[in-house]
Amino acid sequence: MKFSRKLAAATCLAAMTISATAARAGDVEVLHWWTSGGEAAALNVLKKDLEGQGIGWQDMPVAGGGGTQAMTVLRARVTAGNAPTAVQMLGFDITDWAKQGALANLNDVAAEEGWDGVVPEALQKFSKYEGQWVAAPVNVHSTNWVWANKGILDDLGIAQPTTWDELVAAMQKVKDSGKVAVAHGGQAWQDATIFDAVVMATGGPDFYKSTFIDLDTEALGSDTMKEAFDRMSVIRSFVDDNFSGRDWNLASAMVINDEAAFQFMGDWAKGEFLNAGKTPGEDFLCFRFPGTQEQVTFNSDQFALFKQGDKPSAEQAALAKAIMSPSFQSAFNVVKGSVPARVDVPDTDFDACGKQGMKDLAAASSSGNLFGSMAHGHANPASVKNAMYDVITAHFNGEYDSETAVSELVSAVELAQ
Ligand code: BGC
């Protein structure tokens, strides 16, 4: 039995390169990048839910916020003919794998569970490929948030900033007090996460769309883009000396532990505050990056299931169904910091930030102010995103001045397409 399996594996190697090797019968093997304290707590909600249905969990965590490393490991696994059964994925990465025919078709579960009627259009754009369901969305995150230490702001008499100028004045006041103004981790995806908000605030929604989504050369090379880079330099002047390479959750910890006043980060940061026993409105504040109060730059974690045969396996179907159940979407997102990926989940169990997140999402969606996050793979494909990352990070680290960054951005984006 063992031998014939090996033989079959050897002879079918070519065909198997993009199909999942079966995890232990009854198990799912899940590749993900949820390794921080808050993320692990949320993941546990999913593990427990599946265990309750008799489905075992083989964990395949790949540390590294934003999933860049996880996607590298995934490519290696697939090339070795050993794809995991289920993979956490973002936006355009799902489309890329679906294009290669690697993902299981989830139409049966989707029809049975009525996904078409409850998953917002903006997410379906990524959950479906050529009209077929290829991923189950577990949440909606957004990147244009500020996480603030309420005690520090109160002590210094700083009101919640609503404009860029107010934010700069607030950061200056914190710096003058001897505390760290901005808790940041110098990693490309974190620099890019701030850039999402800064570009939106500097140029507004039309500018965000023409630069990050339409990749319009003129907009990318404009004076407005130079101003966005100038603002990044201002933020750079408010981070501490040890920011380089710091993980995002350690930056959150600086705000949690009263060392720093602000973190500009997606709402997964809230998971860290909750995990540390902190309460929104009392210990910390959540608000939209000044100048982006009407907009939401979103990303959605979805689970794509690698093909094991003509149909998803029973475990894969059960995983997809579990992820999309309304009670799970509430329980999971309350812990994760994100909001549900279905429109019919009540906000009852969510804290003030979660309730605001749900309200903002609905409002942005109906007013045409909902845009995919560039930093988190929902504005353009990985090749373009990574090209943008390189320029943003080189500029943040002082390798380019703003003018050079603008022209590098234009040529990097052109080359990457
Ligand atoms: C994911 C989040 C995750 C964050 C930090 C984002 O790309 O969507 O779920 O918590 O990266 O790792």
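Could you please let me know if residue 386 is surrounded by fewer than 19 Cβ atoms within 10 Å (Cβ to Cβ), within 15 Å of the ligand (Cβ to nearest atom) and in contact (Cβ under 8 Å) with a residue 12 or more places away in the chain? When the stated conditions are applied, residue 386 passes them. Checking the condition away from the ligand (no atom under 16 Å from the Cβ) and either crowded, with 20+ Cβ neighbours inside 10 Å or not in a helix (DSSP H, G or I) (or both), which residue from 292, 297 passes? Answer to the selection: 292. Restricting attention to region 362-372, the residues that are touching a residue at least 60 places away in the same chain (Cβ under 8 Å) and either of a type in the set (Phe, Trp, Tyr) or not in a loop (DSSP other than H, G, I, E, B) (or both) add up to 6. The sole residue among 92, 126 that is within 14 Å of the ligand (Cβ to nearest atom), at negative phi and surrounded by fewer than 23 Cβ atoms within 10 Å (Cβ to Cβ) is 92. When residues in region 46-75 are screened for being within 16 Å of the ligand (Cβ to nearest atom), more than 21 Å from residue 191 (Cβ to Cβ) and modelled with pLDDT under 95, 2 of them pass. Taking first residues from region 83-106 that are outside any helix (DSSP H, G or I) and partners that are among the basic types (Lys, Arg), the Cβ contacts under 6 Å between residues at least 6 apart in sequence or on separate chains come to 83/77; 104/307. Regarding residue 110, is this residue in a strand (DSSP E or B) and out of contact with any Pro (no Cβ under 9 Å at 6 or more places or on another chain)? No.
One line per residue, one yes/no per condition, for (1) hydrophobic (A, V, I, L, M, F, W, C); (2) outside any loop (DSSP other than H, G, I, E, B); (3) in the same structural domain as residue 108 (by TED's automatic domain parsing):
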| residue | (1), (2), (3) |
| --- | --- |
| 318 | yes, yes, yes |
| 334 | yes, yes, yes |
| 343 | yes, no, yes |
| 349 | no, no, yes |
| 374 | yes, no, no |
| 377 | no, no, no |
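Scanning region 25-44 for residues that are surrounded by fewer than 20 Cβ atoms within 10 Å (Cβ to Cβ) and within 13 Å of the ligand (Cβ to nearest atom) returns 35, 37, 40, 41.
Under 6 Å between Cβ atoms, at least 6 apart or on separate chains: pull out the pairs that start in region 273-301 with a residue that is in contact (Cβ under 8 Å) with a residue 24 or more places away in the chain and end on any residue that is charged (D, E, K, R) and surrounded by 24 or more Cβ atoms within 10 Å (Cβ to Cβ). Once the first residue is in contact (Cβ under 8 Å) with a residue 24 or more places away in the chain and sits in region 273-301, its partners that are charged (D, E, K, R) and surrounded by 24 or more Cβ atoms within 10 Å (Cβ to Cβ) give 297/196. Among the residues here, residue 261 does not qualify as part of a strand (DSSP E or B) and within 16 Å of the ligand (Cβ to nearest atom).
Number of residues in region 251-310 that are among the β-branched types (Val, Ile, Thr) and within 16 Å of the chain's Cα centre (by Cα) equals 2.
Restricting attention to region 144-192, the residues being within 16 Å of the ligand (Cβ to nearest atom), assigned to a helix (DSSP H, G or I) and of a type in the set (Phe, Trp, Tyr) number 1. Looking only at region 389-399, residues that are in contact (Cβ under 8 Å) with a residue 60 or more places away in the chain and either in contact with a helix residue (DSSP H, G or I) (Cβ under 7 Å, 6 or more places away or on another chain) or on the phi > 0 side of the Ramachandran plot (or both) come to 7 in all. Of all the residues in region 257-279, those that are over 18 Å from residue 143 (Cβ atoms) and touching a Phe, Trp or Tyr at 6+ places or on another chain (Cβ under 6 Å) number 1. Pairs meeting the criteria (first residue in region 242-255 and assigned by TED's automatic domain parsing to the domain that holds residue 191 and surrounded by 21 or more Cβ atoms within 10 Å (Cβ to Cβ), second residue modelled with pLDDT of 95 or more and charged (D, E, K, R), beta carbons under 6 Å, at least 6 apart or on different chains) are 249/272; 252/272.
Just one residue in the set 238, 273, 306 is assigned by TED's automatic domain parsing to the domain that holds residue 192, buried (at least 18 other Cβ atoms within 10 Å of the Cβ) and more than 16 Å from the ligand (Cβ to nearest atom); that residue is 238. Within region 203-228, being within 12 Å of residue 410 (Cα to Cα), in contact (Cβ under 8 Å) with a residue 24 or more places away in the chain and in a helix (DSSP H, G or I) holds for 212, 217, 220, 225, 226.
The values are calculated or read from the model by the stated rules, or taken from the named source; none is laboratory data. Every value quoted in this text rests on a predicted model; they were computed, and no experiment measured them. Here the Cβ is made from the backbone with ideal geometry for all residues, glycine too, and neighbour counts use every protein chain on show.
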